[in-house]
Structures are given as C-alpha cells and as structure tokens.
Amino acid sequence: MSSVSRRQLLCSSSLGLAAALPDFALGAQFGEKGKSASLDLSQFEPRSMLHVKQTPVTRAKYPIVDVHTHLCFSRKSVAGVSLDPERKYLATPRELLEVMDGKNIAALINLTGGFGSGLEDAIAHFDKAHPGRFFTLTEPCYNRFLEPGYPRIQAEAIAQAQRAGAKGLKILKTLGLHLRENITTGKLVGVDDRRFDPMWDACGQLKMPVAMHVSDPVAFFTPTDRFNERFEELNNHPDWSYYGKDFPSNAEILAARDRMIARHPRTQFLLLHVGNFAEDLEFVSGTLDRFPNTSVETAARLNELGRQPRAARKFFEKYQDRIMIGTDAIPHAENYPQQVFGDKLYEIYVRFLETEDEYFDYAPAPIPPQGRWQIYGIGLPDEILKKVYYQNAERLFGLKIRTP
Ligand SMILES: [Zn+2]
C-alpha cells in the first residue's frame, strides 16, 4: 500500500501540537486569517507528498525462519510474572500455515512455550503436529522460585524440557523488571542473580540457546512527557513505562545482563530486539564483540533499524553471521499493532531487508505505533539475506529447513 495514501495517525493523545503552518495549509477549520492555529496531536494525520519508489514485495526471496514469535502464552500472569504452565493458544496451526506458505516462511519459533505439562502440550499442538514448521522454547518455572533448591530444580527443568522437545530457553523481561523476591512483591531480582547460574549452565551443557529479552526501549525509562519520542505509545499504555519507582535504568539492566553472560561463555545467548538496544547500534556492536557466544534478532525494532539505514546496513554487513530475522509476531494482538501476525507484517520486514525503498511504514497498523517516523530499506545482498533469513537460525537452533 502506498505510504502516500495511508492514514498515518490514529493514536489518541492529549498533547497539543502548535501548528506553525500558514492558514491556507490548515484549511478553513483552523484559526483566523493571519494567525497560527493549534491542533491536537491525535488529530494530526499528515499525508506524505513524497513520490518515491514503492517496491511491491509479496513473498520473501528466500525461506525465512522467524526466530521470535508468540503463538501461546501462560493462562495466568501476575504482575508480569507467568505462573501457570497451561497455555492459551492464540491461533491454530492451520491459520498460521496459510500466511507462512504465502510469504515463504519456512518455520516459526514459538518462544513462549512455558514449562512442564503446558510445554508438552504446546509441542504436541505445533511441533509434533507439523514437523519442521514450528519449534518451541521453554521458559523458567518462576512459580517454584520460592522453593528451597530452586536453582537445582530449574536446571533440571531445562533438561526435562529438552527431553520433551524444547529447542531452547526463553527469558521474558520478567527477569530484571518484574520478578521479585516474593515473586510479585519485594525487591526486584537482578538479571545476574546467582540463583539462575545453574540454569544458564544447563543451557550451555545441553546446547539449548537462550533467547533473552531484558529491559525495553530506552524511551520507556524516561518521563512520559513532551520530550519523549514515544509519548503516544506510553500515553496509551502507561503501564509500559519503567520510569521511576524502584526500576533500574536501561543501562543497569544491560550491565547486569553482560555480567551474567561473561560468567557463562559456553552458553549461547540470542539477544532479542537487537540486543535490547537498537537505539544504539554501537553499544550492541560492543556486546557482540566482547561476547562471541551472543547473537541478535530484529523483532519489533524495524522502527529503530529503519530510521538509521546506513548504520543498520553496516551492522548487518559486519555481523551477518550473527543476526536473525525475528518479528515478535503475535496472532490477533490488538495491544501490539506493530506485531500482529499476518501478511502485512512479513511484507514490511521483507521490504526493509530486501529493498532500498524510502520512507515507508514500519508497522502493519495504520499508525506509527512506536513513534512518528518512517523507515528506509537496507537492500541486503543475497548472501547476507540467506544468512539472516534462515542459515544463522539453522546453526544456532540445530535445525534443518527445507529449501527449494
Ligand atoms: Zn517477544
């Protein structure tokens, strides 16, 4: 769809925007002749007048392994901590396969497989029902965190999950931002807490990669005010802000993560959301340089990568063996318009990676949900595309996908 014709903003917000446009540009409804008018930000829907190339991308050039999807979640979460092993399924395999076959998506990695009986159920539901098309990761059983001997219990749970068919371990931002000493109350548990050392070690010994999300966009750690570039998003979801209270800063969380990674050089860490700092690719490069046991993926960060296309292209060239495509796709996710699983989502990722199109939407929603800007494609060459699309994921997770 043309970026020129798209409705670009639907976000509601109360931040007034002083429009310094002449009267004739504002239309009859604004201001008196010769005076500037004010316009509510939620009403601002600029239509780009730019005429630029629009490459129709309907299908990925090579098969994709999407390393970051959520096809099911825990039935019960309290204060951001998933406690119930039982799974709530967000889509049927048939629904997913229809989109996958159309867009050349070979496989989806479902990160939130849970643990115990829920994990076994998720693997039966997806992986075993459609071999080679779905792979599932396990998650820590935080519901047992208060039991004596939790470090050993959790390490054993990793081995059990692998026997059940799990391909790795997923860490949600629970660790560092939600899990507390009494699970939902008390002091926050740090990402480098020693009680998880046996779990990280077990992952290394069993060759189970750890897909790790810690922290969040750096704007979520600053005040939700007129200077915040993600004001509308945070204004719509005040609970997404980690500013104030007893939350650590983004820098503190990433430093704790890096201390933990340094202690576990034999464990592979897939640092989700471009290492959780796509706003600072130099910082992410530093992490990748320091820790050869780390790699990154792209999920929900096209907004960041695509607004710095020259730096992003260099980043992909330099770390082409350690970057994977991930989307954070969630079927039917109204609260996450940038992540709704479907044709549009994949078309945007493919357009960003394969073309040099300029100034287009980074999300399938008719708004810029992660900030008011557009993105630019980085037009990767075929050899890098193949690595980012499936070869790096095959190597990390020990998979073999069917290629034509
Ligand atoms: Zn995710």
| query | Looking at the stretch 102-119, which of its residues are of a type in the set (Val, Ile, Thr) and within 16 Å of the ligand (Cβ to nearest atom)? | reply | Ile109, Thr112
| said: Can you go through Leu175, Leu137 and tell me which one is free of Cβ contacts under 8 Å to residues at least 60 places away in the same chain, within 16 Å of the ligand (Cβ to nearest atom), buried (at least 22 other Cβ atoms within 10 Å of the Cβ) and closer than 21 Å to Asp193 by Cβ? | reply: Leu175
| Residues in the stretch 195-217: is at least one assigned by TED's automatic domain parsing to the domain that holds Glu317, touching a Pro at 6+ places or on another chain (Cβ under 8 Å), open to solvent by less than 10 Å² (accessible area, probe 1.4 Å) and within 16 Å of the ligand (Cβ to nearest atom)? | no
| message | With the structure loaded, tell me whether Pro381 is open to solvent by 10 Å² or more (accessible area, probe 1.4 Å), closer than 25 Å to Pro63 by Cβ, without any contact (Cβ under 8 Å) to a residue 40 or more places away in the chain and not charged (D, E, K, R) or whether it fails that test. | response | yes
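Just to be sure I understand, how many residues within the stretch 161-172 are crowded, with 16+ Cβ neighbours inside 10 Å and over 25 Å from Asp328 (Cβ atoms)?
Total satisfying the criteria: 0.
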| In the stretch 351-361, residue farthest from the ligand (Cβ to nearest atom) [restricted to those that are open to solvent by less than 10 Å² (accessible area, probe 1.4 Å) and touching a strand residue (DSSP E or B) at 6+ places or on another chain (Cβ under 8 Å)] | Phe360
| request: Please go through the stretch 80-92 and pick out each residue that is touching a strand residue (DSSP E or B) at 6+ places or on another chain (Cβ under 8 Å) and open to solvent by 20 Å² or more (accessible area, probe 1.4 Å). | output: Ser82, Leu83, Asp84, Pro85, Glu86, Lys88, Tyr89, Leu90
| query | Is at least one residue of the stretch 216-235 part of a loop (DSSP other than H, G, I, E, B) and on the phi > 0 side of the Ramachandran plot? | reply | no
| task | Could you please find all residues in the stretch 294-326 being over 16 Å from Ile375 (Cα atoms) and within 14 Å of the ligand (Cβ to nearest atom)? | result | Val296, Glu297, Met324, Ile325, Gly326
| Which members of the stretch 250-293 meet the condition of being among the hydroxyl-bearing types (Ser, Thr, Tyr) and buried (at least 23 other Cβ atoms within 10 Å of the Cβ)? | Thr267
| In the stretch 48-60, residue least open to solvent (accessible area, probe 1.4 Å) [restricted to those that are more than 8 Å from Asn104 (Cα to Cα) and in contact with a helix residue (DSSP H, G or I) (Cβ under 8 Å, 6 or more places away or on another chain)] | Val57
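The values are calculated or read from the model by the stated rules, or taken from the named source; none is laboratory data. The shown structure was predicted, so the numbers you read here are calculated from the model rather than taken from an experiment. Methodologically, a virtual Cβ is constructed for each residue, glycine included, from the backbone with ideal geometry; neighbour enumeration extends over all protein chains shown. Please note that ligands, DNA and RNA were not included when accessible areas were found on the heavy atoms of the full protein model with its side chains. Shrake-Rupley method; radii C 1.70, N 1.55, O 1.52, S 1.80 Å.
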